[in-house]
1. Which entries in the list K35/K83; K35/K78; K11/K99; K46/K83; K46/K84 go over 21 Å, if you measure between the two C-alpha atoms of each?
2. Averaged across orientations, what area in nm² does the convex hull of the alpha carbons in the range 12-117 project?
3. If T12, T56 are ordered by their accessible area, calculated over protein heavy atoms with a 1.4 Å probe, which sequence runs from highest to lowest?
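The values are calculated or read from the model by the stated rules, or taken from the named source; none is laboratory data. All figures in this text were calculated on a predicted structure; none of them were measured in a lab. Note: areas computed on protein heavy atoms with side chains; ligands, DNA, RNA excluded. Shrake-Rupley method; radii C 1.70, N 1.55, O 1.52, S 1.80 Å.
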Amino acid sequence: MTRKAWNSTKKTSEFVILWEKQKQPLEENQEVNWKEISGGGILFGKEVAGIYYIATREEGRRKGYGSIVMIALMELAKKRGYKKMTLTATQMGRPLYEKLGFKSACDVQILVLGDNE
């Protein structure tokens, strides 16, 4: 039996993270304090790019951060020549994705293994 290792210099995933400056007064010589406000990732398959892990902190919602992340991820896919992208939507995120042109393809069931109380 032979095994072939797969090595590629081409990235198979990318992440986009937006940072927000903390709203606190800065004293002289104090470092700026930043925190992640929104982000997401994209995995590049053979013919389809999958968008995953889109999240925005509660205090950053309804301010356009999710749109910025989604558009950036979609642009990364387009630059690589992808014409098809997929994602799984929550009820909260669905209006944004539909606004960006995504259409429902099927309903998904969530299955849980273990303690599901």
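1. Numbers: K35/K83 33 Å; K35/K78 28 Å; K11/K99 28 Å; K46/K83 12 Å; K46/K84 11 Å.
From K35/K83; K35/K78; K11/K99; K46/K83; K46/K84, over 21 Å: K35/K83; K35/K78; K11/K99.
2. Working: hull surface 41.1 nm².
For the range 12-117, averaging the hull's shadow over all directions gives 10.3 nm².
3. Working: T12 65, T56 30 Å².
Descending accessible area places them as T12, T56.
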